[in-house]
Amino acid sequence: QATLKERLAELIPAEIQNVKETRAEHGKKSFGPVLVDQLYGGMRGLPALIWDGSVLDPEEGIRFRGKTIPECQQLLPKAPEQVTSLSKDWAARAAIPDFVEDILDRCPPTLHPMSQFSLAVTALNHDSAFAKAYQQGVSKKEYWQPTFEDCMDLIAKLPNIAGRIYRNVYGRGKLPAIDANKDYAYNLATLLGFGEKSEFVELMRLYLTIHSDHEGGNVSAHAGKLVGSALSDPFLAFGASLNGLAGPLHGLANQEVLIWLRKMQSKIGQNASDEAVKEYVWATLKGGQVVPGYGHAVLRKTDPRYSAQREFALKHLPEDPLFKLVGQIYKIVPGVLLEAGKAKNPWPNVDAHSGVLLTHYGLEEMQFYTVLFGVSRAFGVAAQLIWDRALGAPLERPKSYSTAAIQKIFKDK
Ligand code: FCX
């Protein structure tokens, strides 16, 4: 049976040919006009990147390599041997260098877990196979191989980093060892101290999958791809992803949702009426704040990642009071956002639900939530980094314009 690396080596030549033919046939075709508004408007909708791992449809949501979340749930994992050998490979790579442990142990517990996460991941660049191979003059054609090794190391080391941050910051004792006979989700749960709870382990399997990738234009994915395009190694590139994920409009929203829910509960009490909840949502908007967990730059319907988590909750924790509040909010917020008339998408995204599930099993420290998002996002970003190096993706360098230049270009048009 082929290893992941051997399988990639088989696939890469055909994909290089595929890209070559696609460019020969379509390379000079236009994707339509670019509007000046798109330059000022965060490039929303601008076709600008290639990202093969997943594609996002505004109505349907994410598909991973062409498959919806329910389809993935049916299909994965159906290859026990591959799962076992991959789990063993990651377990063998999981240890982090002493000096990185030291960096984490020296961080004050008041430093946000995402900053600690980013520091540790960036520091792993000390042992980058890619950086070393580059210094030794590796040929372009071989770039993907040390990139693959770095990406596997990166993914493998994240549970130890996340577990160490969690235990350091919240005083949860020493990290146990990785178990080479168990899967990644079990090991992650165990390092956090929740391995005994089989439902939590199951939740981690769902969580890791649905957060892994959301096409290429979101801040964390794009930041990783952009930095990787400078041939910065995967640790530096993924460190950039994490810094982007740590923003409240992106991955930090899962923390913000829980803070918002708790504030709501303390303000209007538990089991509050729909009217009281509605008033609280309006107060949030009138205070000039966003309703965290709602809206999306691309999606125009309920995020299927939200739905997958809701299904999990209906099965495992239907009576949880916070879950009920999340369900109540789902009935109220879209109407309010529509009435307010600004948000293009009034529906919930992935972050509206994840914190409630974690809290249910006792992982209540909301400042840690985005770290779990980051562990998951490594899978999607790493996969694309490998493909980018295999396909010879160029340095990213779009053109920027000054407002004066825009005015000049369109002066007499
Ligand atoms: N609450 C209040 N206002 C909202 C809103 C929300 N949930 N969503 C959008 N709006 C507002 C925007 O702030 C913007 O206001 P402005 O005109 O005064 O600047 C206006 O509606 C139009 O924005 P829109 O085009 O709909 O959305 P964008 O593509 O600009 O932004 C995000 C998308 C996700 C950033 C936005 O919906 C938001 O701030 N949501 C809350 C934060 C959140 O949940 N982020 C997580 C998203 C995601 F799933 C992830 O990355 O993890």
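Do we find a residue being touching an Asp or Glu at 6+ places or on another chain (Cβ under 7 Å), closer than 26 Å to Asn187 by Cα and at pLDDT 95 or above anywhere in segment 114-123? Checked segment 114-123: no residue is touching an Asp or Glu at 6+ places or on another chain (Cβ under 7 Å), closer than 26 Å to Asn187 by Cα and at pLDDT 95 or above.
From the residues in segment 42-79 that are among the acidic types (Asp, Glu) and more than 16 Å from the ligand (Cβ to nearest atom), which one is nearest to Gly224 (Cα to Cα)? Steps first, answer last, please.
Looking only at segment 42-79, we keep the residues that are among the acidic types (Asp, Glu), and these are 52, 57, 59-60, 71.
Keeping just the survivors that are more than 16 Å from the ligand (Cβ to nearest atom) gives 52, 71.
Numbers: Asp52: 14, Glu71: 27 Å.
Selected residue: Asp52.
Taking the conditions exactly as written (assigned to a loop (DSSP other than H, G, I, E, B) and either surrounded by 18 or more Cβ atoms within 10 Å (Cβ to Cβ) or more than 8 Å from the ligand (Cβ to nearest atom) (or both)), does Gly251 satisfy them or not? So Gly251 fits the description; yes. Which count do you get for residues in segment 161-216 that are closer than 21 Å to Phe235 by Cβ, part of a helix (DSSP H, G or I) and in contact with a Gly (Cβ under 7 Å, 6 or more places away or on another chain)? So the count comes out to 1. The single condition among (1) of a type outside the set (Ser, Thr, Tyr); (2) over 14 Å from the mean Cα position of the chain (by Cα); (3) closer than 27 Å to Leu124 by Cβ; (4) not in a loop (DSSP other than H, G, I, E, B) that Lys263 does not meet is (3).
Per-residue answers, yes or no, for (1) of a type in the set (Val, Ile, Thr); (2) not in a loop (DSSP other than H, G, I, E, B):
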{"residue": "Leu338", "(1), (2)": "no, yes"}
{"residue": "Lys344", "(1), (2)": "no, no"}
{"residue": "Leu357", "(1), (2)": "no, yes"}
{"residue": "Glu364", "(1), (2)": "no, no"}
{"residue": "Thr370", "(1), (2)": "yes, yes"}
{"residue": "Ala382", "(1), (2)": "no, yes"}
{"residue": "Ala393", "(1), (2)": "no, no"}
{"residue": "Arg397", "(1), (2)": "no, no"}
{"residue": "Ala405", "(1), (2)": "no, yes"}
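Total residues in segment 125-152 satisfying the condition of being surrounded by fewer than 22 Cβ atoms within 10 Å (Cβ to Cβ), part of a helix (DSSP H, G or I) and not hydroxyl-bearing (Ser, Thr, Tyr): the figure is 15.
Scan Ala272, Ala283, Ala276, Ala308 and give me the residue that is more than 19 Å from Phe368 (Cβ to Cβ), away from the ligand (no atom under 15 Å from the Cβ), out of contact with any strand residue (DSSP E or B) (no Cβ under 6 Å at 6 or more places or on another chain) and assigned to a helix (DSSP H, G or I). Step through it out loud before you land on a result.
On the way: Ala272 fails: assigned to a helix (DSSP H, G or I); Ala283 fails: away from the ligand (no atom under 15 Å from the Cβ); Ala308 fails: away from the ligand (no atom under 15 Å from the Cβ).
Ala276 is the lone residue from the list that is more than 19 Å from Phe368 (Cβ to Cβ), away from the ligand (no atom under 15 Å from the Cβ), out of contact with any strand residue (DSSP E or B) (no Cβ under 6 Å at 6 or more places or on another chain) and assigned to a helix (DSSP H, G or I).
Can you name the residue in segment 1-42 that is assigned to a loop (DSSP other than H, G, I, E, B) and in contact (Cβ under 8 Å) with a residue 40 or more places away in the chain and, of all such residues, is nearest to Met152 (Cα to Cα)? Within segment 1-42, the match that is nearest to Met152 (Cα to Cα) is Thr3.
The values are calculated or read from the model by the stated rules, or taken from the named source; none is laboratory data. These figures come from a predicted structure and were not determined experimentally. Note: ideal-geometry Cβ built from the backbone for every residue, glycine included; neighbour counts use all protein chains shown.
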